[in-house]
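Report on the following structure.
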Amino acid sequence: MNAVWTDNDTQAEDLSPQGRVASQLVRLKSDLQAFADATASAPATREPKIERETHKLEKRLCRQVGQAIMDFNMIEEGDRVMVCVSGGKDSYGLLDILLKMQQRAPINFEIVAVNLDQKQPGFPAHILPEYLAKLGIEFHIETQDTYSIVKKVIPEGKTMCSLCSRLRRGILYRVADELKITKIALGHHRDDMLQTFFLNMFFGGKLKGMPPKLVSDDGGHIVIRPLANVAEKDLTRWAAHRQFPIIPCSLCGSQENLQRQLIGQMLRDWEKQYPGRTETMFTALQNVVPSHLMDATRYDFKGLKITGVPDADGDRVFDEETFPMAKLAGVQVLGSSC
């Protein structure tokens, strides 16, 4: 009777225990082969998408850096720009992007990569010279044992960042003079600038951030931050794509519970809870209204007079200020107690 369900070219299924096991093995082998085929072809399928995303990332980085350079006149014709390279992702990214932009810029400028070897224990001193030599660019390695000074002066367990920064800054200013540098470029990005703003507000009692361009404290140098518009997450992705030989900081980066780390975590938590908040806060740094703060040295409150002329910055005093709630999802609005 079983033959009725088969044709002449198909054998009836073996329903014996041995037959069922053999059938299962055949199916398992087929499934494994299908999985192997799919896995082998997956990278080829993903590659075009990865390439597109990487291309978009590169364009965004170059656009944001170019915009900052134009907005703040960071680099001018004939400048000799010293790019401070520490071995971290940010300074690698800055150098990489500036080299790309140098090729297409409407002006001529030189780039000199400079690294300060502070003689930290375990610091791989060969990595940066080898990397920079492969790039074929002008570079200078300055060796100064600031590590011993910091360890000698700062008690164990205390934050070393402030003294280390002052020593490093003084050395780099001297090197800039020796190399006839006209601009000193640092790798601080958008997240650094926001963190500095909140650090000053929370711990320093100042509305003060990290400027994209400034005159150095010794009055002799122009310092620029071309990554001012760039998000740290984009620099992290770019570093992974370019496979920079990252050198971890064993002096500052190993100290836990630093105020900057705490502020950074706070901002990341805010961004996770309210996506887009980081962008909004960064925009606020570029839209300051002195008449709506309380610094009498920045706005002449005492000299205010009625002019009868509408003021774009004037308050509608008896109206509550409103904000687009779509960007603040999850925030409960409480009624006024007035």
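The values are calculated or read from the model by the stated rules, or taken from the named source; none is laboratory data. Keep in mind that this is a model prediction, so the values were computed, not measured. Here the Cβ positions follow ideal geometry from the backbone for every residue, glycine too, while neighbour counts run over all protein chains shown.
Things to note:
- Residues of region 83-119 that are surrounded by 21 or more Cβ atoms within 10 Å (Cβ to Cβ), in contact with a strand residue (DSSP E or B) (Cβ under 8 Å, 6 or more places away or on another chain) and either part of a loop (DSSP other than H, G, I, E, B) or of a type in the set (Lys, Arg) (or both): VAL85 alone.
- Only one entry in ALA185, ALA228 is touching a helix residue (DSSP H, G or I) at 6+ places or on another chain (Cβ under 6 Å) and not polar (S, T, N, Q), namely ALA228.
- Qualifying position, being among the small types (Gly, Ala, Ser), outside any helix (DSSP H, G or I) and under 30 Å from PRO121 (Cα atoms), among GLY220, GLY187, GLY209: GLY187
- ALA296 being at pLDDT 80 or above, over 28 Å from the mean Cα position of the chain (by Cα), assigned to a loop (DSSP other than H, G, I, E, B) and farther than 30 Å from SER148 by Cβ: yes
- Restricting attention to region 183-207, the residues that are over 21 Å from MET82 (Cβ atoms) and either surrounded by 18 or more Cβ atoms within 10 Å (Cβ to Cβ) or free of Cβ contacts under 8 Å to residues at least 12 places away in the same chain (or both) total 13.
- Checking each residue in region 208-237 for being over 16 Å from ASP191 (Cα atoms) and either at pLDDT below 95 or touching a Leu at 6+ places or on another chain (Cβ under 7 Å) (or both) picks out SER216, ASP217, ASP218, GLY219, GLY220, VAL223.
- Screening LYS180 on (1) touching a residue at least 40 places away in the same chain (Cβ under 8 Å); (2) surrounded by 15 or more Cβ atoms within 10 Å (Cβ to Cβ); (3) not in a helix (DSSP H, G or I) shows it passes everything except condition (2).
- Some residue of region 147-154 being modelled with pLDDT under 95 and under 25 Å from LYS89 (Cβ atoms): yes
- The set of residues in region 190-206 being in a helix (DSSP H, G or I) and basic (Lys, Arg) consists of ARG190 alone.
- Given (1) surrounded by fewer than 15 Cβ atoms within 10 Å (Cβ to Cβ); (2) without any contact (Cβ under 8 Å) to a residue 12 or more places away in the chain; (3) assigned to a helix (DSSP H, G or I), index of the condition SER148 fails: (2)
- Here GLU77 passes the criteria (1) under 20 Å from ALA176 (Cα atoms); (2) in contact (Cβ under 8 Å) with a residue 40 or more places away in the chain; (3) out of contact with any Gly (no Cβ under 7 Å at 6 or more places or on another chain) except the one numbered (2).
- Filter result for the condition that a residue is within 21 Å of PRO248 (Cβ to Cβ) and in contact with a helix residue (DSSP H, G or I) (Cβ under 8 Å, 6 or more places away or on another chain), over LYS151, LYS158, LYS100, LYS89: LYS89
- Inter-residue pairs, beta-carbon under 7 Å, first farther than 23 Å from LYS272 by Cα and in region 301-329, second modelled with pLDDT under 65, 6+ apart: GLU320/SER336
- Checked against the criterion of being outside any helix (DSSP H, G or I), over 16 Å from ALA228 (Cα atoms) and at pLDDT below 95, the candidates GLY122, GLY78 yield just one match: GLY122.
- Within region 55-69, residues that are closer than 20 Å to PHE282 by Cα reach partners that are loosely packed, with under 15 Cβ neighbours inside 10 Å and of a type in the set (D, E, K, R) with beta carbons closer than 8 Å, at six or more positions or on different chains, in the pairs CYS62/LYS100.
- In region 280-293, the residues that are more than 17 Å from ARG190 (Cβ to Cβ) and in contact (Cβ under 8 Å) with a residue 24 or more places away in the chain reach residues that are acidic (Asp, Glu) and exposed (fewer than 13 other Cβ atoms within 10 Å of the Cβ) with C-beta atoms within less than 7 angstrom, at least six apart or across chains, in these pairs: VAL289/ASP313.
- Set side by side, the residues ALA228, ALA240 differ, and just one is surrounded by fewer than 14 Cβ atoms within 10 Å (Cβ to Cβ), hydrophobic (A, V, I, L, M, F, W, C) and within 16 Å of the chain's Cα centre (by Cα), which is ALA240.
- Matching residues in region 125-145 - criterion: being of a type in the set (D, E, K, R) and not in a strand (DSSP E or B): GLU130, LYS134, ASP145
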